[in-house]
Amino acid sequence: MAGGIGRAAVFVTGDRGWLRYDAPGGRLTLTLHIQPNARKSSIVGVHGDALKVRVAAPAVDNKANAALIEFLGETLGVPRSAITIRHGASARRKVVELAGSPELVTVIEKLANDV
């Protein structure tokens, strides 16, 4: 390509359409199915084409979104400022973007498989 600019290297890991990694941008995109009002926040497993996450907060006044970001940050060792809800802020199905390294993909896959 002219000028040395090519397409971004984005890969979907295996049959996991819910997990995509953009290597040049260092961004990880997760498609999540959120279950608010859980007793405890946890990763439950795969729900269709999304990773299901239970969140220990009600789905009012943005509390579930804040709890989701906090849970992902603590669980993945990523600062909360590096986590953004890109789509679905008022829905159960969300697309979340995280800044991270390729090693983060391995950590997330392991968490999804360990449930």
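Could you grab me the full set of residues in region 40-56 that are in contact with an Asp or Glu (Cβ under 9 Å, 6 or more places away or on another chain) and part of a loop (DSSP other than H, G, I, E, B)? Break it down stepwise before answering.
Within region 40-56, the first condition is being in contact with an Asp or Glu (Cβ under 9 Å, 6 or more places away or on another chain), and the residues that meet it are 41, 43.
The answer is SER41, and nothing else.
With the condition kept exactly as written, say whether any residue in region 44-59 is at pLDDT 95 or above, surrounded by fewer than 16 Cβ atoms within 10 Å (Cβ to Cβ) and not aliphatic (A, V, I, L, M).
Yes - at least one qualifying residue is present in region 44-59.
Can we say ARG16 is charged (D, E, K, R), at pLDDT 95 or above and surrounded by 15 or more Cβ atoms within 10 Å (Cβ to Cβ)?
The answer is no for ARG16.
Which residues, taken from region 77-100, are surrounded by 14 or more Cβ atoms within 10 Å (Cβ to Cβ) and over 19 Å from PRO24 (Cα atoms)?
Matches in region 77-100: ILE85, GLY88, ARG92, ARG93, LYS94, VAL95.
Mind checking which residues of region 68-115 are within 18 Å of HIS47 (Cβ to Cβ), assigned to a helix (DSSP H, G or I), at pLDDT 95 or above and not hydroxyl-bearing (Ser, Thr, Tyr)?
Passing the criteria: LEU68, PHE71, LEU72.
Looking at GLU74, GLU109, GLU103 in this structure, which one is loosely packed, with under 13 Cβ neighbours inside 10 Å and either within 21 Å of GLY25 (Cβ to Cβ) or touching a helix residue (DSSP H, G or I) at 6+ places or on another chain (Cβ under 6 Å) (or both)?
Only one candidate qualifies: GLU103.
The values are calculated or read from the model by the stated rules, or taken from the named source; none is laboratory data. It should be emphasised that the depicted structure is a prediction, and the values quoted were computed from it without experimental measurement. Cβ: placed from backbone, ideal geometry, glycine included. Neighbour counts: every protein chain shown.
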